[in-house]
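> Take this structure, written in structure tokens, and hold onto it; I'll ask about it next.
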Amino acid sequence: MTRSARGRLGLFEWAPVRAVWRREFALYRRYWPSTSFAAMVEPTIYLLAFGYGFGSIIGTLYGYAYRDFVATGVVSTAVLFIGAFGGMFNTFIRRTFQHTYDAMLAAPVDVHELVTAEASWLAAKAGVYGCAPLLVGMAFGLDPSWGMLLVPLIGFLTGLAFALFGMWVSAIVPSINTFDYIITGALTPMFLVAGTFFPIGQLPGWAATVAQFNPLYHCVELVRGAVFGRLGLDSLLHVGVLAVFAAVMWCLALWKMRARLID
């Protein structure tokens with residue numbers, strides 16, 4: 001019987017987290033080509049459609065070529081989808097259909113270690129694949145900068161928050177079909193009003209204010225600040241918002257996953 005099964009939160013240990021990571025890596029070696037293909041093709045389509053389609057009309061935005069504006073914004077989209085979709089679908093399938101987590105918890109793994117390991121693995125993938133839009137952008141003319149080295153860290157923090165969000169959602173929905181409501185009602189609006197394709201300042205006043213509570217907006221601002229070399233003290237606010245969001249989502253994901261798996 002695990003410490004969690006006895007009704008209390010045990011000490012956090014890294015050995016179970018590493019074990020879950022090894023399992024995830026073994027699985028990833030089998031499907032990495034399809035994941036990598038999607039990560040590269042999707043930003044290419046966005047850049048062609050928006051960067052060159054709308055870019056030919058808009059030209060520049062805030063002193064930057066519109067294709068560069070889109071390339072840096074699409075990073076957040078890649079991070080969002082890898083983190084949130086993985087947290088929702090993978091977690092639901094493994095818990096409900098495959099009973100993978102039941103087998104894991106039979107080993108010396110607690111729920112909080114399992115949640116942390118699964119979310120951090122997705123965050124690592126988000127940090128890596130979040131760089132794909134920048135690589136595509138550089139192929140289309142985006143100037144490289146040293147600040148791009150910070151993008152994987154920004155992607156990791158954002159991906160961690162949304163992976164935990166996805167895990168929390170997976171534990172509260174009654175069926176896998178319910179994810180359609182989350183994708184359409186929550187994730188799509190986040191993606192559209194995060195400053196990805198246009199500045200949120202172009203929105204009506206009330207909408208622009210609401211958009212600033214969108215965690216994805218803070219990811220976009222950090223990525224653009226890093227790539228264009230304009231990080232400042234306000235960047236700490238963006239980091240703080242993402243960190244708080246991740247902490248809240250960790251508590252919620254742990255609470256509901258524990259209820260589903262143990263209680």
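The values are calculated or read from the model by the stated rules, or taken from the named source; none is laboratory data. What you see is a predicted model; the values in this text were computed from it and never measured. Every residue, glycine as well, gets a Cβ built from its backbone with ideal geometry; the counts of neighbours run over all protein chains shown. For the accessible areas, the whole protein counts, side chains as well, though only heavy atoms, and no ligand, DNA or RNA atoms are used. Shrake-Rupley method; radii C 1.70, N 1.55, O 1.52, S 1.80 Å.
> Can you list residue pairs whose Cβ atoms sit under 8 Å apart, with the first residue in segment 151-171 being over 12 Å from W250 (Cβ atoms) and the second being hydroxyl-bearing (S, T, Y) and open to solvent by 10 Å² or more (accessible area, probe 1.4 Å)? Count only pairs 6 or more apart in sequence or on different chains.
G155/Y129
> Let me ask you something else. Restricting to segment 80-93, name every residue that is farther than 23 Å from P152 by Cβ and open to solvent by 30 Å² or more (accessible area, probe 1.4 Å).
If the condition is that a residue be farther than 23 Å from P152 by Cβ and open to solvent by 30 Å² or more (accessible area, probe 1.4 Å), then F89, I93 are the ones that fit.
> Which residue is surrounded by the most Cβ atoms within 10 Å (Cβ to Cβ), if the candidates are limited to segment 190-218 and must be assigned to a loop (DSSP other than H, G, I, E, B) and of a type in the set (S, T, N, Q)?
Looking at residues that are assigned to a loop (DSSP other than H, G, I, E, B) and of a type in the set (S, T, N, Q), I get T196.
> From the list T158, T184, which one is assigned to a helix (DSSP H, G or I), within 11 Å of the chain's Cα centre (by Cα), among the β-branched types (V, I, T) and within 16 Å of L216 (Cα to Cα)?
Exactly one of T158, T184 is assigned to a helix (DSSP H, G or I), within 11 Å of the chain's Cα centre (by Cα), among the β-branched types (V, I, T) and within 16 Å of L216 (Cα to Cα), namely T158.
> Quick check on segment 94-135: of everything there that is under 21 Å from F12 (Cα atoms), among the hydrophobic types (A, V, I, L, M, F, W, C) and not in a helix (DSSP H, G or I), which residue is most open to solvent (accessible area, probe 1.4 Å)?
So, considering only residues that are under 21 Å from F12 (Cα atoms), among the hydrophobic types (A, V, I, L, M, F, W, C) and not in a helix (DSSP H, G or I), the one most open to solvent (accessible area, probe 1.4 Å) is A106.
> Among the listed residues V70, V109, V115, V136, identify the single one that is at pLDDT below 90 and in contact with a Phe, Trp or Tyr (Cβ under 8 Å, 6 or more places away or on another chain).
V70
> Before we move on, is S56 at pLDDT below 75, in contact with a helix residue (DSSP H, G or I) (Cβ under 9 Å, 6 or more places away or on another chain) and farther than 23 Å from M257 by Cα?
Considered against the rule, which asks whether it is at pLDDT below 75, in contact with a helix residue (DSSP H, G or I) (Cβ under 9 Å, 6 or more places away or on another chain) and farther than 23 Å from M257 by Cα, S56 comes out as yes.
> Those residues that are touching a Phe, Trp or Tyr at 6+ places or on another chain (Cβ under 9 Å) and free of Cβ contacts under 8 Å to residues at least 60 places away in the same chain, I need them from segment 219-241; list them, please.
Within segment 219-241, H238, V241 meet the criteria.
> May I ask you to verify whether A117 is among the hydrophobic types (A, V, I, L, M, F, W, C) and closer than 30 Å to W250 by Cα?
It is true that A117 is among the hydrophobic types (A, V, I, L, M, F, W, C) and closer than 30 Å to W250 by Cα.
> May I ask you to list pairs of residues, at least six apart or on different chains, whose Cβ atoms are under 6 Å apart, with the first in segment 61-73 being under 11 Å from F197 (Cβ atoms) and the second being open to solvent by 20 Å² or more (accessible area, probe 1.4 Å)?
What qualifies is Y66/I58; F69/L61; V70/F50.
> Right, next: Is there a residue being open to solvent by 30 Å² or more (accessible area, probe 1.4 Å), farther than 17 Å from W168 by Cα, free of Cβ contacts under 8 Å to residues at least 24 places away in the same chain and polar (S, T, N, Q) anywhere in segment 37-45?
Checking segment 37-45: not a single residue is open to solvent by 30 Å² or more (accessible area, probe 1.4 Å), farther than 17 Å from W168 by Cα, free of Cβ contacts under 8 Å to residues at least 24 places away in the same chain and polar (S, T, N, Q).
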